Amino acid sequence: MTRLQVAIDLLKTEDAIALATKVAPYIDIIELGTPLIKSEGLSVITAMKEAFPDKKVFADFKTADAGALEAEMAFKAGADYITILGSIDDATIIGAVEAAKKYDRAVVVDTIGVKDRVKRAQEVSKLGVEFVELYAGLDEQAKPGYSIDVLIDEASKAGVPVSIAGGVNKNSIAKVKASGAVVAVAGGAIYGAEDPAAAAKELKEALS
């Protein structure tokens with residue numbers, strides 16, 4: 001079954017926890033967005049894990065160097081997952097994976113900025129990562145003609161565990177599931193909704 005991940009791109013710990021409280025019954029993974037972590041620091045990871053010990057907490061570090069060090073920082077703070085950029089050297093990913101083994105946690109490779117996401121996903125999957133995030137960033141999504149169908153097509157071709165992030169909503173969720181993605185990542189479709197809980201429930205039911 002495809003798991004549902006909520007990407008929280010708010011800037012305050014209390015706002016993030018308030019949102020997570022509303023949607024927790026319907027989501028599997030709570031992602032703390034890069035802006036949130038930069039705004040609040042490691043403490044937001046600890047606060048979220050303490051508030052929701054039964055959920056996986058995903059720290060979107062987008063680490064580009066010192067993989068082992070930053071992974072250890074995230075894991076000590078309570079994160080279950082950390083993202084490492086797929087565009088950087090394999091050594092950084094390998095270092096993070098080694099730290100993940102030490103703490104019994106996991107590494108996710110973020111493909112933002114990677115030109116050939118399918119090829120890179122296949123490469124880094126051999127390094128021991130949990131899954132690869134096929135991700136179109138907010139700036140890429142804002143470009144004329146962007147469609148999540150590109151990510152969905154890549155997921156179906158990758159042949160390795162991937163998540164899809166970049167326009168997951170009620171209109172695309174069925175295709176995301178059909179692509180074989182192990183995780184569907186929804187951000188604005190949940191936190192931007194008038195009723196985030198109802199939005200999360202609708203997405204979760206579509207994945208069931």
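Descriptive notes on the structure:
- Trypsin sites (Lys or Arg not before Pro) restricted to DSSP loop in the range 1-82 with at most 16 other C-beta within 10 Å: Lys12
- Mean residue ellipticity, 222 nm, helices only, the chain: the sum of -39500 (n - 2.57) across DSSP H runs of n ≥ 4, divided by residue count and rounded to 500, is -13000 deg cm²/dmol.
- Percent accessible area from carbon and sulfur atoms, the range 86-178, protein chains only, probe 1.4 Å: 49
- The range 1-70 - percent of accessible surface contributed by carbon and sulfur, probe 1.4 Å: 56
- A 1.4 Å probe run over the protein chains yields, for the chain, 44 Å² of accessible area per residue, whole-number rounding.
The values are calculated or read from the model by the stated rules, or taken from the named source; none is laboratory data. Because the structure is a prediction, the values reported are computed rather than measured. Because the Cβ atoms are built from the backbone with ideal geometry, glycine has one as well, and the counts that use them run over all protein chains shown. Just so you know, the surface numbers come from the protein's heavy atoms only, side chains and all, with ligands and any DNA or RNA stripped out. Shrake-Rupley method; radii C 1.70, N 1.55, O 1.52, S 1.80 Å.
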